[in-house]
Amino acid sequence: MEQFIIPRVIVHVDMDYFYAAIEEREDPSLRGKAVVVCMYSNRGESSGAVSTSNYLARETGIRSAMPCKIARSKNPDAVFLPVRKQLYEQVSEKVMTILRSNADNEEGFEKVSIDEAFIEITESCKNDYDIAKDMGIRIKEEIKANENITCSVGIAPNKLIAKMASSFQKPDGITVVRPNDVKDFLKPMPVKKLWGIGKVTEEKLYEIGIRTVSELASCDVMELISSFGKSKGMWLKNAANGEDPTPLKGRKGADQIGRMASLEHDSRNESMIFLLLNELIGDVIVKAEARKVYFRSMTVTVIFSDFKTSTKSRTLSHAVCDRNILMETAKEIMNKFLEESAMNFRRIGIRVEDLQESTGQKNIFDF
Ligand code: DCP
Ligand code: MG
Ligand code: MG
């Protein structure tokens, strides 16, 4: 049965050796050394497991989840550091803000873990994979310029392939799998490379003689269903054919409403900036009205031509849903940005936060 699939462009971003990369960034003297980040248990440094390590350490066979003791025996010269989860969470939040700001809209963002997320860019790239690749490169630059760490990017028609594409060239890679290339991308892979297939499934597939994704793709679906049950069997068949209709989880009931867009060209021209700001604010107000919420605070974001990002927030004296108040406050913030930096603006964004349910009236002045 032919299925009608709406074309999408999905980006998956995964940070490279995330915890260890942050440690390297914080202490440049670590560069060029094997770095291992360990989650020590309360029994001290002799027990515990490896959280992650940089690529130099991986060359000596060190892997995530390996006991630290074994890692030490593999490479006694490596630098072993304890995890600093709070620091990594802070960096993660900044990276996620960058990623979210590149998505088509609020629904087009899904954080998967501390160091990875999906974003949908179908509209922004007009479903054109050349534009999508440029956007992927720009996202990498934006993260590098702001956080001084690298990531790997996968771009594909769905989450399954995008996730697999981001790990295809690591570290600091970008892999674009266009709709017509999905089958060739999957063909030579062993089944365990299919995202979602664990050890148990892999072994079960081996038992029925299936080792590669292409063997799985051509397998009779009824045979898969009899071995794995209906939903898993169908999932296996579709996944092997590179099909994955699952939508991004988005942020239903998000506690903020935001819009971001690029200026036509990098500029510091006030009327150009305020014109775009006005348009973004219009969209935000429409969304806030549709959700029947007031906001109590707001944030303006500017991405400069060197990709550096700056944000400024304001808390209002009371919750409103008022276009004029939003515009006046945003203008005031924007003027501060213009005063503080001589750099051209590349993208600007506005978001409202501290949302509260409205009770019908437009704003507090209507009382
Ligand atoms: N992590 C952990 N324990 C594990 C796996 C991961 O504590 N068993 C933490 C440390 C990683 C982070 O999660 O830095 C992200 O996990 P990834 O699987 O994305 O691995 P890395 O980002 O470290 O490396 P890669 O470059 O392969 O993505
Ligand atoms: Mg990672
Ligand atoms: Mg990851």
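The values are calculated or read from the model by the stated rules, or taken from the named source; none is laboratory data. These figures come from a predicted structure and were not determined experimentally. Ideal geometry is used to build each Cβ from the backbone, glycine not excepted, and the neighbour counts take in all protein chains shown. With ligands, DNA and RNA removed, areas are computed over all heavy atoms of the protein, side chains included. Shrake-Rupley method; radii C 1.70, N 1.55, O 1.52, S 1.80 Å.
Surface exposure of the chain, expressed per residue as accessible area with a 1.4 Å probe, stands at 51 Å².
Karplus-based coupling profile of segment 214-231, in residue order and whole Hz: 5, 5, 5, 5, 9, 6, 5, 4, 5, 5, 5, 5, 5, 8, 10, x, 4, 6, with θ = phi - 60° in 6.51 cos²θ - 1.76 cosθ + 1.60 and x standing for Gly or Pro.
Under the classification rounded if a/c is under 1.5, otherwise prolate if a/b is larger than b/c and oblate if not, where does segment 187-240 fall, given a ≥ b ≥ c as square roots of the Cα gyration tensor eigenvalues?
rounded
Taking the protein heavy atoms of segment 263-367 in the context of the full set of protein chains, the accessible area attributed to carbon and sulfur is 47 percent at 1.4 Å. Residues whose amide H lies under 5 Å from that of A117, counting only those 5 or more places away or on a different chain, are V13, V112; hydrogens are built 1.01 Å from N in the peptide plane.
What you get for the chain, charging only the Cβ of Lys and Arg (+1) and of Asp and Glu (-1), is a dipole of about 940 debye around the Cα centre.
Residues whose amide H falls under 5 Å from that of N158, counting only those 5 or more places apart or on a different chain, are I10, with hydrogens built in the peptide plane.
For the chain, the equivalent ellipsoid built from the Cα gyration tensor has semi-axes of 40, 29, 20 Å, listed from largest to smallest. Here segment 178-197 is scanned for amide nitrogen atoms under 15 Å from the site 7 Å beyond the Cα of R211 along Cα-to-Cβ, giving 188-193. In the chain, the longest principal axis of the Cα atoms and the axis of helix 129-147 are about 80 degrees apart.
Give the longest segment of the chain that steers clear of GluC sites (Glu not before Pro) in DSSP loops with at most 15 neighbouring Cβ atoms within 10 Å, not counting the sites themselves. The answer is 124-367.
Summarising the amide proton neighbourhood of N75: residues at separation of 5 or more, or on other chains, whose placed amide H is nearer than 5 Å comprise an empty set.
Solvent-accessible area of segment 18-85 (1.4 angstrom probe, protein heavy atoms only): carbon and sulfur portion equals 53 percent. When a 1.4 Å probe is rolled over the protein heavy atoms, the share of accessible surface on segment 187-240 that falls to carbon and sulfur comes to 56 percent.
Relative to the longest principal axis of the Cα atoms of the chain, the long axis of helix 323-340 lies at roughly 80 degrees. The D220 and I6 beta-carbon pair, evaluated with R₀ = 35 Å, returns a calculated FRET efficiency of approximately 0.80. Each residue of segment 283-290 was assigned a 3J(HN,Hα) from its phi angle through the Karplus expression (A = 6.51, B = -1.76, C = 1.60, θ = phi - 60°), giving 5, 5, 5, 4, 5, 5, 5, 4 Hz with x at Gly and Pro.
Derived scalar couplings between HN and Hα for segment 172-182 equal 6, x, 9, 10, 10, 10, 6, x, 6, 9, 4 Hz in order, rounded to whole Hz, by the Karplus curve 6.51 cos²θ - 1.76 cosθ + 1.60 (θ = phi - 60°), x for Gly and Pro.
Which net charge results for the neighbourhood of I62, defined as the other residues with beta-carbon distances under 14 angstrom from its beta-carbon, given Lys and Arg at +1 and Asp and Glu at -1? Walk me through the intermediate numbers first.
Working: positive: K33, R58, R63, K69, R72, K74; negative: E59, D77.
Cβ neighbours under 14 Å give a net charge of +4.
Placing dummy labels 7 Å off each Cα toward the beta-carbon, the span from D184 to Q86 is 5.1 nm.
Spin-label pair K204-K192: with each label point 7 Å from Cα along the Cα-Cβ axis, the two points sit 1.7 nm from one another. Working note: Debye formula, equal point scatterers on the alpha-carbon atoms of segment 69-192, no solvent; log10 I(q)/I(0) at q = 0.12 Å⁻¹ is -0.53.
Toward the positive end of the charge dipole of segment 294-342, with +1 on the Cβ of Lys and Arg and -1 on the Cβ of Asp and Glu, the farthest Cα among F307, A342, A330 is that of A330.
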